[in-house]
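See structure below.
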Amino acid sequence: EGTYDFGRIERKWQAYWEEHKCFRATDCDVSKPKYYVLDMFPYPSGQGLHVGHPEGYTATDIVARYKRMKGFNVLHPFGWDAFGLPAEQHAIATGTHPEETTNKNIANMKRQTKALGFSYDWDREVATTDPEYYQWTQWIVLKLFNSYFDEELQKARPIEELPVPDGLSDQDRRRYIDDRRLAYQSSVPVNWCPALGTVLANEEVVGGVSERGGHPVIRKPMRQWMLRITKYAERLLDDLKEVDWSESIKKLQVDWIGRSVGAEVCFRIDGYEDNIWVFTTRPDTLFGATYMVMAPEHPLVGTIVTEAQKQAVEAYCEAAARKSDLDRTDLAKDKTGVFTGAHAINPVNNERIPIWISDYVLISYGTGAIMAVPAHDDRDFEFATKFELPIVQVVQPPSTEDAERVARGELCFTGDGTAIHSGPFDGLATPEFKEAITAWLAERGLGKKAINYKLRDWLFSRQRYWGEPFPIVHLADGTVTGISESELPLRLPDLDDYKPLGTAEPPLAKATDWVNVTLPDGSTARRETNTMPQWAGSCWYYLRYLDPRNSERGWDPEKEKYWMPVDLYVGGAEHAVLHLLYSRFWHKFLYDLGYVSTKEPFKKLVNQGMILGEDGQKMSKSRGNVVNPDQVVTDYGADSMRLYEMFMGPLEAMKPWSMNGVQGVHRFLQKTWRLIVDEETGRLSSCIQDAPADEETLRLLHQTIKKVGDDVESFGFNTAISAMMILVNHLGRLQVRPKSVLESLVLVLAPFAPHVAEELWQRLGHANSLAHEPWPSYDTGLIQEKQIELAVQVNGKIKDRIVVAAEADEDAIKAEALRCDKVVEALAGKTPRKVIVIKSRLVNVVV
Ligand code: ANZ
């Protein structure tokens, strides 16, 4: 009874919380402010939790518990991002249904998660693989299919409202509409691995072969489903203004969207009617365009290639088809290319310039062709040097040094400067020239201002079994249609075996009974056999948590209005780009249709840093440095585990694991325990009295309350724990421990180490859980320390004065003194020989 028996205590309080539903969030309770705190939900892997999971979960749990004590109505839910490849691969290997594997993994990870005592409202648990859940994923995709993007309004509208030109044939009308749906089919090059009989994601292809097995992978056009995320590019950029995210994550999103402003310019092809349009961000360099380059897939290649060059061009284009975009645009790669034999006319000076083909120009960006300006573009420079094409300088760099290096041919200058060799435009600065030449081209119908995005439409189909089926059927005439909402969920059919067919057909094609359907009018149709990518379910799960058991709609609008947006979202930086971009896109789409009330889903976002092994390396099985969270919980308890993960360092930093560190925080909890409980008797320690606290203890307590609260608000959990350690050490030295001080200590400790805090709270005489106990307040007046002023000397001469706490120790005073600007200046980079502190009078720095 007397010792800190963490195992028993933790089981006891977890059972108590569950039984009393202590963390149930009350919908639409307007008597309190709401707070929605969300974790990126995990994939239920066979490996179970790793120590990286509880890092984020503990951080959000501390915030959730703290906010409850501050009087907020807190929504803190949990669930499972449960579709995905590993369960399917296991099914292929063993014949076990992926659902069985998934449920087993969920059960195990749920046990592990519960053992850490997180204050989730488990009644709201969701799994993306549950038909009750994916019904609404399908519903959103159906809405995307049945919507178009109105350019004028810059928002999505139902497809029925699409203005269709008069006089179209039925077929053309259908095509016109289909071309504008936000979910549409397109033939796009995918990574096809003939040996594995499947399409691979870019990350699964390394150096042209499959990551698994090393089989050749080719780029092959295949019919795929796409989502028109590009229509939202501008809003996805603009609305970053509305969110409280770190600049670095915003930048990742900005770079991924990749907006670039420039011009499209028209070049005549000598001897042909056709023109080549190029996209350039540097129309001011037109006079320096000495050749052109088309992507191998450019539709005009076949037209303009001369007989003499035909064979070489065809061979080149075939080879290019085998490379990925990433390989092709790799700056480090040697440039390759082939001459078409044809020439274009530069519109500004009528020069005849050769047209080449090279794979460094991508068909999927801009217009798929470029004007090459080797003097001012690195890739063009490299290419021109290799193939001995002319280089004409048209921008004079502002610095003479750069100018000289350019003149000597040592530098390809890509910056802004002043126009030269540009006829009537000579002397213009780059930005003005851009404006002027764009206007000049526009007047002559030879060009126009253009904005391009790196962002591509989202390839939204996978040739897999374990994903959401599309709510789409293919009609006999080759067109497609959405199934009716009343048919949702469209359940995945069971298969006898999960092996890929070895053709491009997805595994669902095997479920013939499921695939072939008869429509209400008696005609037959085939279901779509692709499934959705794993991203789909995670795009909107934060909305399902608001109303997880609603069978009538995805979520109730009143609940949505009450809870949204998510106030705090925490997860790994690996999701900083795609998951966030995809869910922001769906959210904006739902906003356009009036299903959500906020423009952005996640107000505040924090990325946790990676936890490394004790050796400072990434944890991995092969390195043998993986820490098993279950073992830590068994040996030291969940509270120690939680506390340690928060004490390791700043949440966002990368940091190595240390078992010594775990023992350190465990000793702190032991010490806290002994402040209150007499280990011999199991009763309250006899040092505890109802006496008032002395001035120093009171000041330290109030400082700690303030510091912990402030730190929780700013995610400085490690420094909050340090502050509690200082207070505990102080209290340990007292002969008489005022009960009120201990109670406040237990309350501030509670969000971090909730089990031991509950137990101590109970032993201090409280009948109820402290989960909703008010957060202790502090008195600013009591916090003020007495301060003293010290003179700071360097070699005996007074340079400055500093103000420090009366109790500050020597090290703190020295550090403060060495921070003074004047001292830094006087030291001029030298290390002081000695720093002497004469208590309460002065500091002398000896150099
Ligand atoms: C002429 C030029 C001169 C260019 C110069 C740059 C510097 P971002 O910023 O990425 O949009 N480009 C255009 N389309 C391309 C394609 N499909 N594949 C490869 N490169 C392409 O870059 C736009 C620039 O990338 C364009 O501006 C074009 O080269 C090239 F001194 O045009 B520039």
(request) Mind telling me which of the residues E600, E645 ends up being in contact with a helix residue (DSSP H, G or I) (Cβ under 6 Å, 6 or more places away or on another chain), more than 25 Å from L116 (Cβ to Cβ) and among the charged types (D, E, K, R)? (result) E600
(message) Checking the condition away from the ligand (no atom under 16 Å from the Cβ), of a type in the set (V, I, T) and in contact with a Ser or Thr (Cβ under 9 Å, 6 or more places away or on another chain), which residue from V243, V190, V206, V217 passes?
(response) V217
(request) Give the residue that is farthest from E125 (Cα to Cα), with candidates limited to residues of region 28-38 that are crowded, with 23+ Cβ neighbours inside 10 Å and in contact with a Phe, Trp or Tyr (Cβ under 7 Å, 6 or more places away or on another chain). (result) Y36
(message) Going residue by residue through region 138-149, is there one that turns out to be at positive phi and modelled with pLDDT of 95 or more?
(response) no
(message) Every residue in region 208-234 that is free of Cβ contacts under 8 Å to residues at least 12 places away in the same chain and either among the β-branched types (V, I, T) or on the phi > 0 side of the Ramachandran plot (or both), please.
(response) V209, G214
(message) Can you tell me how many residues within region 343-362 are more than 7 Å from the ligand (Cβ to nearest atom) and under 36 Å from the mean Cα position of the chain (by Cα)?
(response) 2
(request) Count, please, the residues in region 108-147 that happen to be in a helix (DSSP H, G or I) and either of a type outside the set (K, R) or out of contact with any Pro (no Cβ under 7 Å at 6 or more places or on another chain) (or both). (result) 24
(request) Scan (1) part of a loop (DSSP other than H, G, I, E, B); (2) of a type in the set (A, V, I, L, M, F, W, C); (3) under 23 Å from E351 (Cα atoms) for the single condition L411 breaks and write down its number. (result) (3)
(request) Answer yes or no as to whether D690 is among the acidic types (D, E) and in contact with a Lys or Arg (Cβ under 6 Å, 6 or more places away or on another chain). (result) yes
(message) Anything in region 297-316 that is more than 11 Å from the ligand (Cβ to nearest atom) and either in a loop (DSSP other than H, G, I, E, B) or among the small types (G, A, S) (or both)? List them, or say none.
(response) P299, L300, G302, V305, T306, A308, A312, A315
(message) Quick check on region 317-332: of everything there that is in a loop (DSSP other than H, G, I, E, B) and within 13 Å of the ligand (Cβ to nearest atom), which residue is modelled with the highest pLDDT?
(response) D330
(message) Conditions first: (1) within 16 Å of D123 (Cβ to Cβ); (2) part of a loop (DSSP other than H, G, I, E, B); (3) out of contact with any strand residue (DSSP E or B) (no Cβ under 9 Å at 6 or more places or on another chain); (4) not small (G, A, S). Q14 passes all but one, so which condition is the exception?
(response) (2)
(request) For region 276-290, indicate whether the set of residues that are more than 10 Å from the ligand (Cβ to nearest atom) and assigned to a strand (DSSP E or B) is non-empty. (result) yes
(request) Please work out which residue is surrounded by the most Cβ atoms within 10 Å (Cβ to Cβ), limiting yourself to region 361-376 and to residues that are over 26 Å from G417 (Cα atoms) and of a type outside the set (S, T, N, Q). (result) G368
(message) Looking only at region 253-285, how many residues end up being surrounded by 21 or more Cβ atoms within 10 Å (Cβ to Cβ), more than 15 Å from P354 (Cα to Cα) and more than 33 Å from the chain's Cα centre (by Cα)?
(response) 4
(request) Please find, among A812, A828, the residue that is at positive phi and either in the same structural domain as E696 (by TED's automatic domain parsing) or at pLDDT below 90 (or both). (result) A828
(message) So for region 252-270 (the condition being assigned by TED's automatic domain parsing to the domain that holds K434, under 30 Å from Y316 (Cβ atoms), within 16 Å of the ligand (Cβ to nearest atom) and touching a His at 6+ places or on another chain (Cβ under 9 Å)), does at least one residue qualify?
(response) no
(message) Criterion first (over 24 Å from A295 (Cβ atoms), in contact with a Cys (Cβ under 9 Å, 6 or more places away or on another chain) and more than 14 Å from the ligand (Cβ to nearest atom)) does G409 satisfy it?
(response) no
(message) Within region 388-396, does at least one residue satisfy the condition of being under 14 Å from V338 (Cα atoms) and more than 13 Å from the ligand (Cβ to nearest atom)?
(response) yes
(message) Scan region 494-511 and tell me whether some residue there is touching a residue at least 60 places away in the same chain (Cβ under 8 Å) and within 23 Å of T479 (Cα to Cα).
(response) yes
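The values are calculated or read from the model by the stated rules, or taken from the named source; none is laboratory data. These numbers were taken from a predicted model, which means no experiment stands behind them. Note that each Cβ is placed from the backbone with ideal geometry, even for glycine, and that neighbours are counted across all protein chains shown.
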